[in-house]
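See below for the structure under consideration.
The values are calculated or read from the model by the stated rules, or taken from the named source; none is laboratory data. Remember, it's a predicted structure, so these values are computed and weren't measured experimentally. Cβ sites come from the backbone with ideal geometry, for glycine too, and all protein chains shown count toward neighbours.
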Amino acid sequence: MSVRERLGWHPFFEAQIAGVDRGDLCFSRVIEEQRGLYRLAGDVEAWAEVSGRFRHDATSAADFPAVGDWVGAVVSEEHGGRRAAADRAIIHVRLERRSTVSRAAAGRAADQQVVAANVDTIFLVTAFARDLSPRRLERYLTMVWDAGAVPVVVLNKADLCEDPAAAGQSLAARLPLVDVLIVSALHEHGLTALEPYLHPARTVALLGSSGVGKSTLVNRLLGREMLKVRAISDSDGKGRHTTTSRQLVELPGGALLIDTPGMRELQPWVDESAVDAAFDDIAALAGACRFADCAHATEPGCAVLASVAAGRLDADRLENYRRLGREAAFEERKRDKAAAANTKRRWKQIIQAQKALYKDRGRW
Ligand SMILES: Nc1nc2c(ncn2[C@@H]2O[C@H](COP(=O)(O)OP(=O)(O)OP(=O)(O)O)[C@@H](O)[C@H]2O)c(=O)[nH]1
Ligand SMILES: [Mg+2]
Ligand SMILES: [Zn+2]
């Protein structure tokens, strides 16, 4: 296997090279990001930044590379084109993504933030004790399906629960479309259940709240303490993230894992069709409602409400479906508004630039 293949290269990317109109690029994967600097592995192993042209052509934050992306780069001239770990490189192109995990950026909800790219599987990590919230998991699940990746729910800290199997079963019943695995990273319990999802050159990203044990889990799978984890004495470290950057690591067996900083709150970045996909069962029932535009609230002949009444559908789940649908519609409207504001701002900039230009001309 070539280095690129080991890092998850795929015919999908190979096909894109033909369309890149420069022959001097080396293709590498972004394995870490730190404030606009990207660590590359593959044909080039170096820290890199994007070219001025790349920056200029980017129209949104999502256009910039993210961990997991494949990029075309050249090692900077000053270093004589050597291939060494200490070299700097310049990224000229980013290849199209096979999958994109994104969320609304913190603080600027209308901006899409790419959490990880080219991910095959996502471990949604949650923990027994205070983090366990089926409602939140359903929101994460919607995001994962929307991203084009396969979700697996990993319930960590089983050692803190009296009867983890029972708790796991009731959660699994709430989430009929996904696998729910019960582990204890700390006590290395149940980790073999993760193996079927770990394949050489396939990428798994770990997502979940801060403190649920994502980095601990990665360290266990790696077999060494590579990533920093929160001190046990700081068990409630509220709102503090131990992991601060996203990072891709290769397991001894060849699987690629992306550790991410915990998400304090998740704003869905989804459209309404993605919501429907996450609630297949409700969408299927809705087909039998008397009215095609049934909102499943008070309508006569509603098949969804009938299922709730008959005890075949969880009322909570229906409520979740409604809530997410509303939220997705709200996010979409907000994005439209932001787009309109952007256009206004752009025009303002253009007019100001023109004024400045005219003023300069007058002076000359
Ligand atoms: N009891 C128990 N504690 C665990 C387990 N796994 C991890 N922990 C502890 O939980 C704390 C948080 O673990 P981290 O791995 O840093 O959590 P994280 O999800 O990476 O957190 P962020 O990087 O902030 O997103 C640490 O003190 C771990 O020792 C477990 O299975 N059982
Ligand atoms: Mg961490
Ligand atoms: Zn209905």
Criterion violated by HIS199 - all others in (1) free of Cβ contacts under 8 Å to residues at least 24 places away in the same chain; (2) outside any helix (DSSP H, G or I) satisfied: (1)
Screening VAL154, VAL204, VAL180 for residues that are part of a strand (DSSP E or B) and over 30 Å from TRP70 (Cβ atoms) leaves only VAL180
Taking region 67-103 and the residues there that are assigned to a strand (DSSP E or B) and among the charged types (D, E, K, R), the one that is modelled with the highest pLDDT would be ARG94
